[in-house]
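Remarks on the structure that follows.
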Amino acid sequence: MKKLFLFLILLAIPALAQAEDSTTEPPQWSFEIKGGLFYPALSNFSQYYGEKDVPQYSLALAYKIIRQIDIGVEGGYITARGTASAPLHGIMTGSVTLDLIPVNAFLLFRGVLSEQQWIVPYAGGGYTKILYNEAIENQSSVKGSANGYHVRGGLQFLLDALDTESANEFQSEYGVNHTYLFVEAEYTHALTSSVNLGGTGYLVGLLFEF
């Protein structure tokens, strides 16, 4: 893992040689919007819900302690609909809907060496609380929460250079210093009654720094 992280940083170094000195202040906040596929750790999930994966959507807001370290919060939404048995009830049923709302408090480390760096690797993790609601046809629903942790990492790609004029306008009108496209993998572990409501998500999103 250490060798991979160092390789990703070295991959981004060519941008340093071509970067121009920036006269703007470095960003202090970041906002993320992302979506992708979530693969639940719940055993026999595909038997209950008919699919191995479900859509996942998330929003995150973070404050930059320093340029390379973010501390923030993230909220997401995951839903699955199926038939047959309900895993949290442990009974047979008709249709069942499972809604998960993961809430994360995180610390994130970004390998930023220059404001004009094309590729930025990042990794982090923190505390997770998952709110869940399993609604069963013609029966009472199960609601509750599970506590745990998450880890995540990925690569972000600077979009500013693709359209410099639009990037400058975005900064002057809305205060956005940089816009990135990023890809990410996130693992979550959160237990309720010995059932892990976590899993692995593969996400794509946009990061705005301001």
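I'd like the full set of residues that are surrounded by 14 or more Cβ atoms within 10 Å (Cβ to Cβ) and of a type in the set (A, V, I, L, M, F, W, C), limited to region 41-79.
Ala41, Leu42, Phe45, Val54, Leu59, Ala60, Ala62, Ile69, Ile71, Val73, Ile78
Among the residues of region 176-205, how many are among the acidic types (Asp, Glu) and over 21 Å from Gly153 (Cβ atoms)? Give the derivation first.
Taking region 176-205 and keeping what is among the acidic types (Asp, Glu), we get 184, 186.
In the following step, the residues that additionally are over 21 Å from Gly153 (Cβ atoms) were identified as none.
Residues that pass the stated criteria total 0.
Counting just the residues of region 166-199 that are hydrophobic (A, V, I, L, M, F, W, C) and touching a helix residue (DSSP H, G or I) at 6+ places or on another chain (Cβ under 7 Å), which one comes out modelled with the lowest pLDDT? Reasoning before the result, please.
From region 166-199, those hydrophobic (A, V, I, L, M, F, W, C) are 167, 170, 176, 181-183, 185, 190-191, 195, 197; that's our starting set.
Applying the additional criterion that residues be touching a helix residue (DSSP H, G or I) at 6+ places or on another chain (Cβ under 7 Å) yields 167, 176.
Numbers: Ala167: 71, Val176: 90.
Only one residue fits best here, namely Ala167.
Could you go through region 58-65 and let me know if any residue there is in a strand (DSSP E or B), β-branched (Val, Ile, Thr) and either at pLDDT 85 or above or out of contact with any Asp or Glu (no Cβ under 9 Å at 6 or more places or on another chain) (or both).
yes
Determine if region 4-13 includes at least one residue that is within 19 Å of Leu107 (Cβ to Cβ), at pLDDT 95 or above and in contact with a strand residue (DSSP E or B) (Cβ under 8 Å, 6 or more places away or on another chain).
For region 4-13, residues within 19 Å of Leu107 (Cβ to Cβ), at pLDDT 95 or above and in contact with a strand residue (DSSP E or B) (Cβ under 8 Å, 6 or more places away or on another chain): absent.
Being surrounded by fewer than 16 Cβ atoms within 10 Å (Cβ to Cβ) and farther than 14 Å from Ala60 by Cβ is the filter here; which residues of region 103-112 pass it?
Matches in region 103-112: Phe109 only.
Any residue in region 154-179 that's of a type outside the set (A, V, I, L, M): show its pairings with residues that are loosely packed, with under 12 Cβ neighbours inside 10 Å at Cβ separation under 7 Å, as long as the two are six or more apart or on different chains.
Asn177/Thr24
Residues are listed down the side, and each one gets a yes or a no for (1) in contact (Cβ under 8 Å) with a residue 40 or more places away in the chain; (2) of a type in the set (D, E, K, R); (3) in contact with a Phe, Trp or Tyr (Cβ under 7 Å, 6 or more places away or on another chain):
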residue: Ala105; (1), (2), (3): no, no, yes
residue: Phe109; (1), (2), (3): yes, no, yes
residue: Ser114; (1), (2), (3): yes, no, no
residue: Gly126; (1), (2), (3): no, no, yes
residue: Tyr132; (1), (2), (3): yes, no, no
residue: Ala135; (1), (2), (3): no, no, no
residue: Gln139; (1), (2), (3): yes, no, no
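Is it the case that region 54-69 has a residue that's farther than 30 Å from Leu162 by Cα and within 16 Å of the chain's Cα centre (by Cα)?
The answer is yes, given that some residue of region 54-69 is farther than 30 Å from Leu162 by Cα and within 16 Å of the chain's Cα centre (by Cα).
The values are calculated or read from the model by the stated rules, or taken from the named source; none is laboratory data. Just so it is clear, the structure is predicted and the values come from calculations on it, not from any experiment. We place every Cβ from the backbone using ideal geometry, glycine too, and count neighbours over all the protein chains shown.
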